[in-house]
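One structure is given below, encoded as structure tokens.
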Amino acid sequence: DEVYDYLYGQTQKALEAGVDERNIIVDPGIGFGKTLEHNLTILEKLSDFKSLGYPILIGTSRKSFIGKLLDLPPEERLEGSLASAVLSVVNGADILRVHDVKETLRAVKVARSILKG
């Protein structure tokens, strides 16, 4: 709720300052002073941010929460990054910030195909 309320407030400030709503995206900020539990909750509840009415950006690629879950250094976090990217898209992410573009695109394409039946 705290992250949602903050993003809502920031989008309102942007609109009041004259920013065109088409130029607004929201990023719940995976990492950035959050605990492992905070990050997992944000990803689980990502679809809640859709009600703000703006595209959602998520950057989970190689993040420390993946390292904590898998006990791996950044260069060995591909599978965790792919899993978090796919689930982020399934849960409503519109934009992904990733390190491994080709692999992430392939994983998301497969997931979307499965969801379409």
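The values are calculated or read from the model by the stated rules, or taken from the named source; none is laboratory data. Here the structure is a predicted model, which is why all the values come from computation and not from measurement. Neighbour counts are summed over all protein chains in view; Cβ atoms, including those assigned to glycine, are modelled from backbone coordinates with ideal geometry. For accessibility, only protein heavy atoms count, side chains too; no ligands or nucleic acids. Shrake-Rupley method; radii C 1.70, N 1.55, O 1.52, S 1.80 Å.
Summary of computed values
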{"item": "Any chance residue 5 is within 24 Å of residue 63 (Cβ to Cβ) and modelled with pLDDT under 95", "result": "no"}
{"item": "Complete set of residues in the stretch 40-79 that are assigned to a loop (DSSP other than H, G, I, E, B) and hydrophobic (A, V, I, L, M, F, W, C)", "result": "72"}
{"item": "Answer from 61, 88 - the residue that is surrounded by 19 or more Cβ atoms within 10 Å (Cβ to Cβ), touching an Asp or Glu at 6+ places or on another chain (Cβ under 9 Å) and among the polar types (S, T, N, Q)", "result": "61"}
{"item": "All positions within the stretch 11-39 that are in contact with a helix residue (DSSP H, G or I) (Cβ under 7 Å, 6 or more places away or on another chain), surrounded by 15 or more Cβ atoms within 10 Å (Cβ to Cβ) and part of a helix (DSSP H, G or I)", "result": "11, 39"}
{"item": "Pair list, Cβ < 8 Å and 6+ apart or interchain, from the stretch 31-45 residues that are among the small types (Gly, Ala, Ser) to residues that are open to solvent by 50 Å² or more (accessible area, probe 1.4 Å)", "result": "31/64"}
{"item": "Qualifying residue in the stretch 88-101 (condition: over 17 Å from residue 47 (Cα atoms), assigned to a helix (DSSP H, G or I) and either modelled with pLDDT of 95 or more or not aliphatic (A, V, I, L, M) (or both))", "result": "yes"}
